[in-house]
Amino acid sequence: MVTREIVSVTDLVTFLLYINVFTDPVKTLIDFTEQFQNGYSGYERFIGMLDVMPDIEDAKDAEPLEQVQGNICFQDVSFRYEKEHDAVLQHINLEVPAGKYVALVGPSGIGKSTLCSLIPRFYEVTDGRITVDGKDIRRLQLKSLRDNIGVVQQDVYLFAGTVYDNIAYGRPGASREEVMEAAKNANAHTFIMELPHGYDTDIGQRGVKLSGGQKQRLSIARVFLKNPPILIFDEATSALDNESEKVVQESLEKLAANRTTFVIAHRLTTIRNAQQILVLTEQGIEEQGTHEELLEKMVFMQACII
Ligand SMILES: Nc1ncnc2c1ncn2[C@@H]1O[C@H](COP(=O)(O)OP(=O)(O)OP(=O)(O)O)[C@@H](O)[C@H]1O
Ligand SMILES: [Mg+2]
């Protein structure tokens, strides 16, 4: 149109300038609307989360759990996750004296992790009762109960942040020396020092990747720092190589000394070192005893069958 002299060059340039001036605020407006929507829905989710009431709360006359010995007792405990579901655990009776190292074994999905999550009251028992030092856990203050129980979970959860923060989370307010001491006890100090920034290495989403065994040792260090009289260790089912398995095993045994310890065991070495082994089946706790006793029983049973 310029070449045919329908539009003059000055008009064209003016037009283009106007268009720019006009579209800029429109773009800004669109960007803003999008951001506003994102922010608003995020805020709504946040408020929704804050509004959730915990299922389990302190009883009115709950007492604190003090000077814990660590005697744990299950009395006819049954549990189901939802009313319409089948019971996962039925009529479990179990007594674990203070300081004992107990291994829990059984097929996958039978309810080993579930049984252990009842002790810190992550779920409420459907029937029966669980006592710690003779006190029903439903009559204890949740915080004081959980302060006395250390849990190393099957899949370790690490937070975005530094190695140091992740260990210190075990006991907020611990000094740097205490954190390092805990890491040494958990056999984690050496590999932490080899990371690019030592204890200040970021292990967040974009941070360095840790192996399964290393993650587990970090979470053991957390529990060393917390130093609780009762310990629950859900052994990772994912295979660790022999070397890390040995190190994790060592740290676990050091940690278990002088505490009531529940280990959900998947490895023979863990089972062999336990003072008491519980075999969980669909019928409940089927067998109890030390490794030798259970082996003898098996040999005896096999002899009977033959
Ligand atoms: N949060 C949950 N809600 C509903 N059902 C669940 C929940 N967690 C576990 N279950 C069910 O309870 C049963 C026992 O699960 P649990 O995790 O205790 O098994 P497990 O013995 O620890 O197995 P594994 O050795 O594989 O870790 C399973 O049938 C499982 O599907
Ligand atoms: Mg489990």
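The values are calculated or read from the model by the stated rules, or taken from the named source; none is laboratory data. Model, not experiment: these values are computed from the prediction. Positions of Cβ are generated from backbone atoms using ideal geometry, with glycine treated the same way; all protein chains shown enter the neighbour counts.
Quickly run through region 250-271 and pick out the residues that are more than 16 Å from ligand 2 (Cβ to nearest atom) and either of a type in the set (Asp, Glu) or modelled with pLDDT under 80 (or both).
Scanning region 250-271 gives Glu250, Glu253, Leu268, Thr269.
Any chance you could count how many residues in region 254-274 are out of contact with any Ser or Thr (no Cβ under 9 Å at 6 or more places or on another chain) and either outside any helix (DSSP H, G or I) or touching a residue at least 40 places away in the same chain (Cβ under 8 Å) (or both)?
Residues in region 254-274 being out of contact with any Ser or Thr (no Cβ under 9 Å at 6 or more places or on another chain) and either outside any helix (DSSP H, G or I) or touching a residue at least 40 places away in the same chain (Cβ under 8 Å) (or both): 13 in total.
Residues in region 96-117 that are of a type in the set (Gly, Ala, Ser) and under 18 Å from Asn148 (Cβ atoms): how many?
Going through region 96-117, the residues of a type in the set (Gly, Ala, Ser) turn out to be 98-99, 103, 106, 108-109, 111, 113, 117.
Within this subset, residues satisfying the condition of being under 18 Å from Asn148 (Cβ atoms) are 98-99, 117.
Residues meeting the conditions: 3.
For region 64-73, does any single residue satisfy the condition of being away from ligand 1 (no atom under 13 Å from the Cβ), touching a Pro at 6+ places or on another chain (Cβ under 8 Å) and among the hydrophobic types (A, V, I, L, M, F, W, C)?
The initial filter retains those residues of region 64-73 that are away from ligand 1 (no atom under 13 Å from the Cβ), namely 64-73.
Now narrow it down to the ones that are touching a Pro at 6+ places or on another chain (Cβ under 8 Å): 68-71.
With among the hydrophobic types (A, V, I, L, M, F, W, C) added as a condition, the list becomes 68.
Yes, region 64-73 contains at least one residue that is away from ligand 1 (no atom under 13 Å from the Cβ), touching a Pro at 6+ places or on another chain (Cβ under 8 Å) and among the hydrophobic types (A, V, I, L, M, F, W, C).
Go through region 220-245 and report how many residues are at pLDDT 85 or above, more than 16 Å from ligand 1 (Cβ to nearest atom) and over 9 Å from Gly170 (Cβ atoms). Can you show your working first?
The initial filter retains those residues of region 220-245 that are at pLDDT 85 or above, namely 220-234.
Next, only the ones that are more than 16 Å from ligand 1 (Cβ to nearest atom) stay: 220-231.
Among the residues that remain, those that are also over 9 Å from Gly170 (Cβ atoms) are: 220, 228-231.
Number satisfying all stated conditions: 5.
Would a scan of region 188-207 turn up a residue that is in contact with a Lys or Arg (Cβ under 6 Å, 6 or more places away or on another chain) and touching a residue at least 40 places away in the same chain (Cβ under 8 Å)? Please lay out each step first, then the result.
First, the residues of region 188-207 that are in contact with a Lys or Arg (Cβ under 6 Å, 6 or more places away or on another chain): 188.
So of that shortlist, the ones also touching a residue at least 40 places away in the same chain (Cβ under 8 Å) come out as 188.
For region 188-207, residues in contact with a Lys or Arg (Cβ under 6 Å, 6 or more places away or on another chain) and touching a residue at least 40 places away in the same chain (Cβ under 8 Å): present.
Let me spell it out: the conditions are (1) out of contact with any Lys or Arg (no Cβ under 9 Å at 6 or more places or on another chain); (2) farther than 27 Å from Ile119 by Cα, and Phe159 meets all of them except one. Which number is the exception?
(2)
Any chance you could count how many residues in region 45-80 are over 26 Å from Thr260 (Cα atoms) and within 23 Å of the chain's Cα centre (by Cα)? Working first, answer last.
At the first step, the residues of region 45-80 found to be over 26 Å from Thr260 (Cα atoms) are 45-55, 60-61.
Within this subset, residues satisfying the condition of being within 23 Å of the chain's Cα centre (by Cα) are 46, 49-50, 52-55.
The number of residues fulfilling the criteria is 7.
Taking only region 246-288 into account, find how many residues are more than 16 Å from ligand 1 (Cβ to nearest atom), more than 17 Å from Ala188 (Cα to Cα) and basic (Lys, Arg).
Qualifying residue count for the region: 2.
Tell me which strands (runs of 3 or more DSSP E) are completely within region 80-144 and hold 1 or more residues being aliphatic (A, V, I, L, M) and within 16 Å of ligand 2 (Cβ to nearest atom), or say none if there are none.
Details: elements: 89-96, 101-105, 127-132.
Those strands (runs of 3 or more DSSP E) span 89-96, 101-105.
Answer yes or no as to whether Gly150 is at positive phi, surrounded by 18 or more Cβ atoms within 10 Å (Cβ to Cβ) and either away from ligand 1 (no atom under 16 Å from the Cβ) or within 18 Å of the chain's Cα centre (by Cα) (or both).
On the way: at positive phi: no; surrounded by 18 or more Cβ atoms within 10 Å (Cβ to Cβ): yes; either away from ligand 1 (no atom under 16 Å from the Cβ) or within 18 Å of the chain's Cα centre (by Cα) (or both): yes.
When the stated conditions are applied, Gly150 does not pass them.
Consider Gln67 carefully, then state whether it is in a helix (DSSP H, G or I) and either touching a His at 6+ places or on another chain (Cβ under 8 Å) or loosely packed, with under 12 Cβ neighbours inside 10 Å (or both). I'd like the intermediate steps shown before the answer.
On the way: in a helix (DSSP H, G or I): no; either touching a His at 6+ places or on another chain (Cβ under 8 Å) or loosely packed, with under 12 Cβ neighbours inside 10 Å (or both): yes.
Considered against the rule, which asks whether it is in a helix (DSSP H, G or I) and either touching a His at 6+ places or on another chain (Cβ under 8 Å) or loosely packed, with under 12 Cβ neighbours inside 10 Å (or both), Gln67 comes out as no.
Could you give every pair whose Cβ atoms fall below 7 Å, whose first residue belongs to region 111-124 and is farther than 18 Å from Glu286 by Cβ, and whose second residue is hydrophobic (A, V, I, L, M, F, W, C) and part of a loop (DSSP other than H, G, I, E, B), counting only separations of at least 6 or pairs across chains?
Final answer for the pair search is Leu118/Val125; Arg121/Ile56; Glu124/Ile56.
Do we have Ala188 as crowded, with 21+ Cβ neighbours inside 10 Å and either over 30 Å from Gln90 (Cβ atoms) or among the aromatic types (Phe, Trp, Tyr) (or both) here?
Values: crowded, with 21+ Cβ neighbours inside 10 Å: yes; either over 30 Å from Gln90 (Cβ atoms) or among the aromatic types (Phe, Trp, Tyr) (or both): yes.
When the stated conditions are applied, Ala188 passes them.
Just checking, does region 211-231 include any residue being touching a residue at least 40 places away in the same chain (Cβ under 8 Å), among the polar types (S, T, N, Q), away from ligand 2 (no atom under 16 Å from the Cβ) and not in a helix (DSSP H, G or I)?
The answer is yes, given that some residue of region 211-231 is touching a residue at least 40 places away in the same chain (Cβ under 8 Å), among the polar types (S, T, N, Q), away from ligand 2 (no atom under 16 Å from the Cβ) and not in a helix (DSSP H, G or I).
Name, by its number, the condition in (1) at pLDDT below 80; (2) in a strand (DSSP E or B); (3) closer than 13 Å to Tyr101 by Cα that does not hold for Glu287.
Status for Glu287: all satisfied but (3).
Which condition from (1) in a loop (DSSP other than H, G, I, E, B); (2) touching a strand residue (DSSP E or B) at 6+ places or on another chain (Cβ under 9 Å); (3) away from ligand 1 (no atom under 16 Å from the Cβ) is the one that Leu158 breaks?
Only one criterion is unmet by Leu158, namely (2).
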